[in-house]
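One structure below.
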Amino acid sequence: MSGLALIAMAVSVGVAIDPASAGLAGPESGAGVSAAGTAIAPTGHTTRVLVTARDMHYDPASIDVPAGDRLVIELVNADPDTSHDLTFGSDLHTRRLRPGQHAVLDVGVVSRSLEGWCSVVGHRMRGMTLQVQVVGAPTAGATGTSGSSSGTDGEDGSTAHDGTGHSAEQAAPTGPSPSLPPSALDVDRAAAAPVDPVLPPLSSARTHRITLRATTTTLEVAPGVWQRRWAYNGQVPGPTLHGRVGDTFIVTLVNDTDMGHSIDFHAGERAPDKVMRTIPPGGRLTYRFTARRAGIWLYHCSTMPMSAHIAAGMFGAVVIEPPGLPRVDRSYLLVQSEAYLDTTSGTSHDAAAEVDAEKVSAERPDAVTFNGQAFQYDHTPLTARVGERVRIWVLDAGPDRATSFHVVGSQFDTVYLEGGYLLRHGRDAFGSSDAGGSQALALQPGQGGFVELTPREPGSYPVVSHIMVDAERGAHGILRVTP
Ligand SMILES: [Cu+2]
């Protein structure tokens with residue numbers, strides 16, 4: 001039999017069934033094809049297996065199927081708070097199941113071993129794989145064995161097809177997608193929607209009520225470079241909360257996505273168990289906290305894998321002013337974070353993909369940003385006049401990169417780090433002379449503070465992370481000072 005004929009036959013017998021879109025139409029006729037290119041006669045028998053998805057595993061994690069049997073998998077999502085699915089490749093998959101839902105997947109006549117996995121970002125990496133082992137398959141050829149998961153290809157390429165007509169190669173883990181070339185981070189182009197870096201004003205309210213909706217939204221991470229971001233209220237960073245010591249925040253979190261999400265406010269002291277729990281698609285919770293201490297505090301999604309959820313855009317700032325904080329002429333807020341792009345199908349608006357969780361794991365950011373977009377303040381600068389006092393609040397959301405916040409051409413006479421002043425008008429905590437100065441504010445992920453400076457001359461002062469590779473990846477902007 002020629003390779004071409006084999007391919008044609010394999011395609012004709014394999015039918016992927018998503019019960020949401022089609023009824024069970026089994027591949028009852030025709031033969032499967034072994035890994036070595038040998039036709040396998042269908043037994044006419046169907047193996048049905050119930051598989052439960054829970055806690056980043058399938059149970060069972062491995063299924064034995066007699067060669068030539070048709071395999072039908074019933075998948076149940078037994079997780080209380082997050083979505084799962086099962087895919088064997090691009091065409092053979094269930095729909096995404098919410099907690100408690102189930103689906104039937106007709107895998108077809110199985111003639112070689114397969115690996116299935118959950119396509120929700122990060123789940124495969126954390127162990128959600130399902131092995132389908134063919135047992136009792138005939139040995140064919142000198143080296144190949146039907147049912148081998150090694151994917152040994154025949155010379156004619158026919159064995160790229162299993163009995164379902166789907167390429168087994170799709171089952172191989174792909175690894176991180178290629179890095180975005182630095183030239184793609186175009187400094188000279190304007191962002192479609194630059195984020196206002198001005199700190200929202202303090203209101204007189206002592207109780208703050210806000211609804212945060214977890215969304216999936218296509219946003220720019222650099223001019224012309226887009227990602228399907230997971231975002232609170234469709235923006236990255238999420239809304240800034242601004243209050244005083246003693247204020248109460250009543251936050252309603254609503255999950256408008258098809259996967260589980262959560263929220264963790266560093267600004268409050270709460271047992272994580274209930275308020276930080278992951279809520280399912282459509283779910284909601286109320287998270288109440290009182291801000292007892294001053295600082296700039298991170299909030300972020302804490303659903304696993306947390307690195308991917310934060311990298312995808314689920315973070316924001318809570319600014320709790322220290323008592324007696326003096327008024328200044330300009331007050332800005334910069335949240336630094338990294339972006340990890342799945343570049344497989346491009347980064348245009350229409351091609352934008354979700355976060356590349358494997359790239360996050362490999363610590364290979366494509367961009368480092370202030371307020372979610374690389375280089376945005378090169379094009380729409382922060383502004384001040386000569387002699388004005390400028391305060392810049394800085395928060396490092398990570399998930400993984402520290403920052404060394406620096407304003408080229410200026411010095412800080414006031415530096416506030418994690419709830420205390422390192423310097424206040426040039427004087428340190430020991431009350432030494434008032435001639436001290438600072439050049440950079442060092443922050444690890446999950447830390448924040450502010451700096452104050454007074455520009456002496458008009459000009460363009462670069463605002464950077466002095467971790468230079470990150471400045472070159474986009475943690476770079478301009479403070480434009482006019483006379
Ligand atoms: Cu999340």
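The values are calculated or read from the model by the stated rules, or taken from the named source; none is laboratory data. What you are looking at is a predicted structure, and each value in this text was computed from that prediction instead of being measured. For neighbour counting, all protein chains shown are included, and Cβ atoms are generated from backbone atoms with ideal geometry for every residue, glycine included. In case anyone asks, the SASA skips ligands and DNA or RNA and just uses the protein heavy atoms, side chains included. Shrake-Rupley method; radii C 1.70, N 1.55, O 1.52, S 1.80 Å.
Points to keep in mind about this one:
- Test: residue 186 is within 16 Å of the ligand (Cβ to nearest atom), modelled with pLDDT under 95, over 24 Å from residue 419 (Cβ atoms) and not small (Gly, Ala, Ser): no
- Tally of residues being of a type in the set (Val, Ile, Thr) and touching a helix residue (DSSP H, G or I) at 6+ places or on another chain (Cβ under 9 Å) across the stretch 268-296: 1
- Entry remark, the stretch 302-317: residues being within 14 Å of the ligand (Cβ to nearest atom), over 13 Å from residue 215 (Cα atoms) and either assigned to a strand (DSSP E or B) or over 18 Å from the mean Cα position of the chain (by Cα) (or both) number 1 in total.
- Subset of the stretch 41-78 (residues that are out of contact with any Pro (no Cβ under 8 Å at 6 or more places or on another chain), within 12 Å of residue 133 (Cα to Cα) and hydrophobic (A, V, I, L, M, F, W, C)): 61, 63, 65, 71
- Every residue from the stretch 318-327 that is outside any strand (DSSP E or B) and either outside the structural domain of residue 405 (by TED's automatic domain parsing) or in contact with a Lys or Arg (Cβ under 8 Å, 6 or more places away or on another chain) (or both): 323
- Of the strands (runs of 3 or more DSSP E) lying entirely inside the stretch 328-389, the ones with 2 or more residues being touching a strand residue (DSSP E or B) at 6+ places or on another chain (Cβ under 7 Å) and either among the small types (Gly, Ala, Ser) or farther than 23 Å from residue 316 by Cβ (or both) are found at 330-339, 382-385.
- Selection count where residues are touching an Asp or Glu at 6+ places or on another chain (Cβ under 9 Å) and in a loop (DSSP other than H, G, I, E, B), scope the stretch 418-446: 8
- Close pairs from the stretch 364-377: first more than 16 Å from residue 466 (Cβ to Cβ), partner open to solvent by 10 Å² or more (accessible area, probe 1.4 Å) and among the hydroxyl-bearing types (Ser, Thr, Tyr), Cβ under 7 Å, at least 6 apart: 364/179; 366/179
- Picking from residues in the stretch 220-239 that are assigned to a strand (DSSP E or B) and open to solvent by 40 Å² or more (accessible area, probe 1.4 Å), the one that is nearest to the ligand (Cβ to nearest atom) is 228.
- Residue within the stretch 299-322 that is out of contact with any helix residue (DSSP H, G or I) (no Cβ under 6 Å at 6 or more places or on another chain) and without any contact (Cβ under 8 Å) to a residue 12 or more places away in the chain present: no
- Boolean, residue 340 is more than 13 Å from the ligand (Cβ to nearest atom), closer than 30 Å to residue 380 by Cβ and in contact with a helix residue (DSSP H, G or I) (Cβ under 7 Å, 6 or more places away or on another chain): yes
- The stretch 284-301, residues that are in a strand (DSSP E or B) and either crowded, with 18+ Cβ neighbours inside 10 Å or not assigned by TED's automatic domain parsing to the domain that holds residue 261 (or both): 287, 289, 295, 296, 297, 298, 299, 300
- Failed criterion for residue 354 (all others in (1) on the phi < 0 side of the Ramachandran plot; (2) out of contact with any Lys or Arg (no Cβ under 8 Å at 6 or more places or on another chain) hold): (2)
- Residues (open to solvent by less than 20 Å² (accessible area, probe 1.4 Å), within 26 Å of residue 201 (Cβ to Cβ) and in a loop (DSSP other than H, G, I, E, B)) located in the stretch 240-283: 247, 263, 267, 268
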